[in-house]
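The values are calculated or read from the model by the stated rules, or taken from the named source; none is laboratory data. Here the structure is a predicted model, which means the values were calculated and not measured. Cβ atoms come from the backbone with ideal geometry, glycine included; neighbour counts cover every protein chain shown.
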4 protein chains.
Amino acid sequence: MSARGEAGHEDAFEPVRIAVVGVGYWGPNLVRNLQELPQAGPVTICDRRSEILERVAVRHPGVRTCLEYDEVLADPAIEAVCIATPTSSHYALAAAALRAGKHVFVEKPLADSAARVRELIELAAEHGRTLMPGHTFLYSPPVNLIRDLIHAGELGEIYFVSTSRVNLGLHQPDASVVWDLGPHDLSILLYWLEELPQQVSAISRSCIYPDTPDVAFLNFIFGSGTIAHVELSWLAPSKLRRTAIVGSEKMVIYDDTSNEPVRVFDSGVDLSDPQTFGEYQLTYRTGDIVSPRVDVAEPLYRELADFCTAVRTGTRPQSSAQLGLQVVEVLEAVDRSLALGGSVETVSSSSFRI
Amino acid sequence: MSARGEAGHEDAFEPVRIAVVGVGYWGPNLVRNLQELPQAGPVTICDRRSEILERVAVRHPGVRTCLEYDEVLADPAIEAVCIATPTSSHYALAAAALRAGKHVFVEKPLADSAARVRELIELAAEHGRTLMPGHTFLYSPPVNLIRDLIHAGELGEIYFVSTSRVNLGLHQPDASVVWDLGPHDLSILLYWLEELPQQVSAISRSCIYPDTPDVAFLNFIFGSGTIAHVELSWLAPSKLRRTAIVGSEKMVIYDDTSNEPVRVFDSGVDLSDPQTFGEYQLTYRTGDIVSPRVDVAEPLYRELADFCTAVRTGTRPQSSAQLGLQVVEVLEAVDRSLALGGSVETVSSSSFRI
Amino acid sequence: MSARGEAGHEDAFEPVRIAVVGVGYWGPNLVRNLQELPQAGPVTICDRRSEILERVAVRHPGVRTCLEYDEVLADPAIEAVCIATPTSSHYALAAAALRAGKHVFVEKPLADSAARVRELIELAAEHGRTLMPGHTFLYSPPVNLIRDLIHAGELGEIYFVSTSRVNLGLHQPDASVVWDLGPHDLSILLYWLEELPQQVSAISRSCIYPDTPDVAFLNFIFGSGTIAHVELSWLAPSKLRRTAIVGSEKMVIYDDTSNEPVRVFDSGVDLSDPQTFGEYQLTYRTGDIVSPRVDVAEPLYRELADFCTAVRTGTRPQSSAQLGLQVVEVLEAVDRSLALGGSVETVSSSSFRI
Amino acid sequence: MSARGEAGHEDAFEPVRIAVVGVGYWGPNLVRNLQELPQAGPVTICDRRSEILERVAVRHPGVRTCLEYDEVLADPAIEAVCIATPTSSHYALAAAALRAGKHVFVEKPLADSAARVRELIELAAEHGRTLMPGHTFLYSPPVNLIRDLIHAGELGEIYFVSTSRVNLGLHQPDASVVWDLGPHDLSILLYWLEELPQQVSAISRSCIYPDTPDVAFLNFIFGSGTIAHVELSWLAPSKLRRTAIVGSEKMVIYDDTSNEPVRVFDSGVDLSDPQTFGEYQLTYRTGDIVSPRVDVAEPLYRELADFCTAVRTGTRPQSSAQLGLQVVEVLEAVDRSLALGGSVETVSSSSFRI
């Protein structure tokens, strides 16, 4: 199944038997979608906290429960694991699963360092298994609609992108807002622009927890000339999910909280060549504004369908491990810049292609 | 007259006789306000372009017209000049006026370099004349209402400020968006926070005119710990004038385009001390939202009244030359950072106090 | 438990054993809330459509299922029924339940005619059982916050109320939009104003289904002088849930779709007595706007808690049968006006007090 | 010049010499536009209040002033008058001007009774002069854009129109809100729908001044089946200028206070014919939303241009006396309904065609 297209033969293969590891906060969403997905088979849930395991099991009749991860790994009936635990544990759990011959889906970010992501990618290649990060926004209809507009050239050259992802909460004591919210915007930018930023500079502040940034302003310069700004914060008077994409032909506002998530503005500046007296002639153009109809498909459902297809057919998922690696490479560059008070950092270009 | 309070004795002195220099785009607004102001006397307008001079004179019956600046300087009946010409000419026109013994009001920014601003300040001191930059927002009721909230401690510690000042147009062929729109936000930040940013980093792009940035993302770190982000652009799908001020006690949204320009959110995070097990306890607080009534006074009117008072009584205007200097010092630091692709630049601290 | 206050002793009594009758569209919401409610005991669900019954049972482990209503009535372990079937069946189902000695909760409107509602009220009295209509908005925090403002006199005299409840869909082939959406606004108006409208006039149109109004404009005049307008429609470009309450002291906007559901405007007109020349002096007052914090409690949960308390303790629920009767009396007057093209109809005042 | 099209030959005729009568509140807008209009010649202003006359003269250099209306009428150099006085004086001033052989433009409403409007129309015919009411919205670009959509059949059958025109103030001691704001919406409805309402019912309240309605809810039924609701009020927490036009094919929101005054929703309900089992099949359609670019022309300028053309060439202006009569006929029917507490009143159909 294509990540964006509608399923043609989604039940043409045997349902994949999956265990969800970690069912505290996000895991139950995976469980619910896997149970509704024809491409997935009976679901196992695994968590060390027995009371949480029990509670989720009650709400999802039919799941098998398991307190020990080792049992999951040892069970030949389980083909794949979906890891929804804190970021710091991603590497160890994913590596163990790959070594046990399981396919692996990991909630974003793939791991807490680029080096570890590279190890996981190598392990996956060695064992011939799928490794996929959960960059859910790559399956969001508005994100894909905008990607289509960009790739069709409708927006012209992309001058810049400016995005704000802020709200009040939820602070995480051991994770920076950059690593928590940042992967969303970075995966979207990579998916839209199909290039890595070359230079990164960023400032942040740890307002509530010491040494845990909860607000950050990130600046990016891409090789093509596109620049981007990303504002991330857990401290804000109201929720904002607003992205402006300004192209030479048209401009787009993407607002995930709105009933009209995509608005296309036929606006821009037309510049004629210098005239006799060397003066440029500018004309501002303000045309129709269109809010195209957007599908209401649940991104997570489509993402897990893509995972199952990758497992069964060996295709590369839209949210690929290579894209997941690039996201982490950029996050590391951001962290280096933050540590130096906003210095310009180069993103260590991965040898992998997106 | 206090810049913010209502006039107590506004006609207690002889009206100031003022010439407005440059009446193309912004100048007519000065003329209109000066004509309505009891503290100002008969207005002279000066512009080399006779047809523009004529057109403005027709709309403002009673003004005297003058094609040559030298005549203005030579006229002993004129006590002060208001300079509303392009930035590059500010220094020469202001210096000549000060030397001729006139008081000087200059549209923002005061001059195109900090060195030249310092020269003007010295000239003003030498000749005992008022030198005042036109940072109009310092006279805007919502800006002052927020300043009062900050200084009364209502917002608590200011964690960060994030602001967007974007719209479609108007490009200026010889001026960066940083020097055109930036002085507004910088003057507001200095006025609110009463401190200079210590470190600046910024990226920009010249999308339409070559070598003329029309979009810029500016990051600031202040000594107190406050950080700030300023987005400036002449390319945007819709006009945005939105500033979020996030404090430890309350948060404020300032939106100059809204019927409710100031919104105060009684929201925040309460963090208790580490408990037995070393874990912090977070509580999110979301209380009432208040849009306080804001006066509808025209900032420009109040600004020119402050200028007249400064001329007559020698008081320091709210929009002081020192603040104008600091704005230009920060702009220069931003330009240095832009030239180096976003490097961290230190603001060369002026010896003047705000 | 008070309908609005927080529960003090909510588990001080034996949980009520309830059967939900009709689990197609709305019924499952009742089931979910009853299962979470400490005041309610094991839940039975009853529906003739076995496949629907089965589907709901799977999602709500622990419920007992029952295909025949007669079994529910015959089961002495079931103390109360919640009827969530189409309006036309309310009377028969409720009457049978009351005769079988059950307490009865009926989704709004109580029945399809005032005569039948009166019969049900008499039956309930005869058998000493609670009869309660499901006017959920009486348990909505914003509705109660506004009621408190009105009753505390904060808004002054209520001049008028204007409300729009429109969206695209869902048409019902056998029910007018007046009987489907109207009970919401009528119950709110009665709850706020504590008086019945004396005169009703209304127009409507059946745009899609013949003889089934899907848009209606209702005008009401109350004895106190307050007037009200209610716009109801299943045909609208976007969802609107907007009520303006204009009082002599303050004005309120209630918008159920907004993050700020209640906004209080300290605005109004002050009129001094006629002066010497017989002229009134008007002053317009525009003060602060406050969005008070509103609890996020689920109205349905609070409503069912109130039902259980009424069953156990004999108290009158906030959403009383008398209020339900008055709603239907007004609906009948609206229908009479519609039939005559908008004539002024008097509401046949019920002998019951609210 | 066509009211909507751009001028082809606007200066093909001799400018019309016009006197503006009444320059207190609205008159100065007429003066300003007439001075900018190439089709209008030197402007005379006439008002009995000498200080007001003087003040307006100072702001509009070049106008001739006149304290006595009789002088205007006696002056052969004045070809036309624009009457901007209170409604009660319209009839007498307009009749005198027509009798003196002047062309007449009257601010809406044309007169305070349909009988008087008919007299004026007859007088105009007798003297071969243009009589034109100032229904400015007929020259508003968004109103015309919507008219074009309706007439091109883009919206399909017009099911209903719902409009709110409310704000805080400005009360007028001797005029109902129905006669003050109502002409705007009535002229727009007549212009769009090209039919008179057949039945009118309305309620109102006089909240501030006795016997002067300041809030009113008007219901209309048209012969074609279209129904309409108009809410008018000088008491409202915030300004609202919102009109929903719901058609069988598309729906439109017209909001005169928005940057996007017209929004076209490709939404609706598709109903298939009854199937085998007699059930209708409904499908809800929600497609793109388009905010078409709207010209920014000033309606008043275009209106006065249309008047000048009518004067010179004898064409019928878009805002015709016949339309002005129909507006007043509807207002009278509304007043009859209000007097009877909301009774259904028939609009006495004028013999004139729109």
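Any idea which of A:E195, A:E119 is out of contact with any helix residue (DSSP H, G or I) (no Cβ under 6 Å at 6 or more places or on another chain) and under 30 Å from B:W234 (Cα atoms)?
One residue alone meets the criteria, A:E195.
Residue check: is D:R147 outside any strand (DSSP E or B), within 19 Å of the chain's Cα centre (by Cα) and either over 30 Å from C:S206 (Cβ atoms) or at pLDDT 95 or above (or both)?
Judged against the criteria, D:R147 is a match.
Which condition from (1) in a helix (DSSP H, G or I); (2) at pLDDT below 95 is the one that D:A175 breaks?
(1)
Residues to consider are C:V246, C:V290; find the one that is within 8 Å of another protein chain (Cβ to nearest Cβ), at pLDDT 95 or above and crowded, with 23+ Cβ neighbours inside 10 Å.
Sole residue among the options that is within 8 Å of another protein chain (Cβ to nearest Cβ), at pLDDT 95 or above and crowded, with 23+ Cβ neighbours inside 10 Å: C:V246.
Just to be sure before I move on: is A:S204 over 18 Å from the mean Cα position of the chain (by Cα), under 19 Å from A:V161 (Cβ atoms) and touching a residue at least 24 places away in the same chain (Cβ under 8 Å) in the structure I sent?
Answer is no for this residue.
Any idea how many residues of segment C:198-212 are out of contact with any helix residue (DSSP H, G or I) (no Cβ under 6 Å at 6 or more places or on another chain) and buried (at least 23 other Cβ atoms within 10 Å of the Cβ)?
2
Step by step: first the residues of segment A:150-171, then only those that are in a loop (DSSP other than H, G, I, E, B) and small (G, A, S), then the one that is nearest to the other protein chains (Cβ to nearest Cβ). Which residue is that? Don't jump to the end; show me each part of the working.
First, pick out the residues of segment A:150-171 that are in a loop (DSSP other than H, G, I, E, B): A:152-157, A:167-171.
After this cut, where a residue has to be small (G, A, S) as well, the list is A:152-153, A:156, A:169.
Details: A:A152: 17, A:G153: 17, A:G156: 11, A:G169: 5 Å.
Step by step, filter segment A:150-171, then rank; the result is A:G169.
Here are D:A77, D:A92, D:A96: which of them is under 21 Å from D:R129 (Cα atoms) and in contact (Cβ under 8 Å) with a residue 60 or more places away in the chain? Spell out how you get there, then give the answer.
On the way: D:A92 fails: in contact (Cβ under 8 Å) with a residue 60 or more places away in the chain; D:A96 fails: in contact (Cβ under 8 Å) with a residue 60 or more places away in the chain.
Of D:A77, D:A92, D:A96, the one residue that is under 21 Å from D:R129 (Cα atoms) and in contact (Cβ under 8 Å) with a residue 60 or more places away in the chain is D:A77.
Restricting attention to segment C:293-316, and to residues there that are at pLDDT 95 or above and within 11 Å of another protein chain (Cβ to nearest Cβ), which single residue is nearest to B:V264 (Cα to Cα)?
Ranking the candidates gives C:R293 first.
Which members of segment B:191-230 meet the condition of being in a strand (DSSP E or B) and small (G, A, S)?
Hits for segment B:191-230 are B:S201, B:A202, B:S204, B:A216, B:A228.
Sort out which residues of segment A:285-320 are in a helix (DSSP H, G or I) and more than 17 Å from A:V31 (Cβ to Cβ), and write them in order of number.
Going through segment A:285-320, the residues in a helix (DSSP H, G or I) turn out to be A:299-313.
A:D306, A:T309, A:A310, A:V311, A:R312, A:T313, listed by residue number.
Would it be correct to say that C:V330 is outside any loop (DSSP other than H, G, I, E, B), at pLDDT 95 or above and within 30 Å of C:Q198 (Cβ to Cβ)?
Yes.
Would you be able to tell me the number of residues in segment B:18-43 that are within 17 Å of B:A94 (Cβ to Cβ) and part of a strand (DSSP E or B)?
Final tally of qualifying residues: 4.
With the checklist (1) more than 25 Å from the chain's Cα centre (by Cα); (2) buried (at least 24 other Cβ atoms within 10 Å of the Cβ); (3) not acidic (D, E) in hand, flag the one item B:V230 doesn't pass.
Going through the list (1) more than 25 Å from the chain's Cα centre (by Cα); (2) buried (at least 24 other Cβ atoms within 10 Å of the Cβ); (3) not acidic (D, E), B:V230 breaks only (1).
When the residues of segment A:6-35 are narrowed to those that are modelled with pLDDT of 95 or more and out of contact with any strand residue (DSSP E or B) (no Cβ under 9 Å at 6 or more places or on another chain), which ends up nearest to the other protein chains (Cβ to nearest Cβ)?
Result: A:R32.
Name the single residue, out of those in segment A:49-65 being out of contact with any helix residue (DSSP H, G or I) (no Cβ under 8 Å at 6 or more places or on another chain) and away from chain C (no Cβ under 14 Å), that is surrounded by the fewest Cβ atoms within 10 Å (Cβ to Cβ).
A:E51
Checking A:S224 against (1) facing chain B (nearest Cβ under 9 Å); (2) surrounded by fewer than 22 Cβ atoms within 10 Å (Cβ to Cβ), which single condition isn't satisfied?
Only one criterion is unmet by A:S224, namely (1).
Restricting the search to segment A:74-113, which residues are β-branched (V, I, T) and not in a strand (DSSP E or B)?
Scanning segment A:74-113 gives A:I78, A:T85, A:T87.
Mind listing whichever residues of segment B:305-319 are in contact with a strand residue (DSSP E or B) (Cβ under 8 Å, 6 or more places away or on another chain) and surrounded by fewer than 23 Cβ atoms within 10 Å (Cβ to Cβ)?
Scanning segment B:305-319 gives a single hit, B:R312.
Residue pairs, Cβ under 7 Å, 6 or more apart or interchain, first in segment A:252-268 and crowded, with 17+ Cβ neighbours inside 10 Å, second of a type in the set (S, T, N, Q). List them.
A:Y254/A:T243; A:E260/A:S291; A:V262/A:S291; A:R263/A:S291; A:S267/A:T286; A:G268/A:S248
Could you grab me the full set of residues in segment B:249-265 that are assigned to a strand (DSSP E or B) and more than 8 Å from every other protein chain (Cβ to nearest Cβ)?
Across segment B:249-265, the qualifying residues are B:Y254, B:D255, B:V262, B:V264.
Restricting to segment B:19-30, name every residue that is farther than 13 Å from B:Y69 by Cα and crowded, with 22+ Cβ neighbours inside 10 Å.
So the first thing to find is which residues in segment B:19-30 are farther than 13 Å from B:Y69 by Cα, and the list is B:24-30.
Across segment B:19-30, the qualifying residues are B:G27, B:L30.
Evaluate the following for D:S238: is it outside any strand (DSSP E or B), out of contact with any Ser or Thr (no Cβ under 6 Å at 6 or more places or on another chain), crowded, with 17+ Cβ neighbours inside 10 Å and within 11 Å of another protein chain (Cβ to nearest Cβ)?
In short, yes.
May I ask you to verify whether A:P141 is farther than 30 Å from A:D266 by Cα and either within 14 Å of another protein chain (Cβ to nearest Cβ) or at pLDDT 95 or above (or both)?
On the way: farther than 30 Å from A:D266 by Cα: no; either within 14 Å of another protein chain (Cβ to nearest Cβ) or at pLDDT 95 or above (or both): yes.
The answer is no for A:P141.
Which members of segment C:76-94 meet the condition of being out of contact with any strand residue (DSSP E or B) (no Cβ under 7 Å at 6 or more places or on another chain) and farther than 18 Å from C:L30 by Cβ?
If the condition is that a residue be out of contact with any strand residue (DSSP E or B) (no Cβ under 7 Å at 6 or more places or on another chain) and farther than 18 Å from C:L30 by Cβ, then C:P76, C:S88, C:Y91, C:A92 are the ones that fit.
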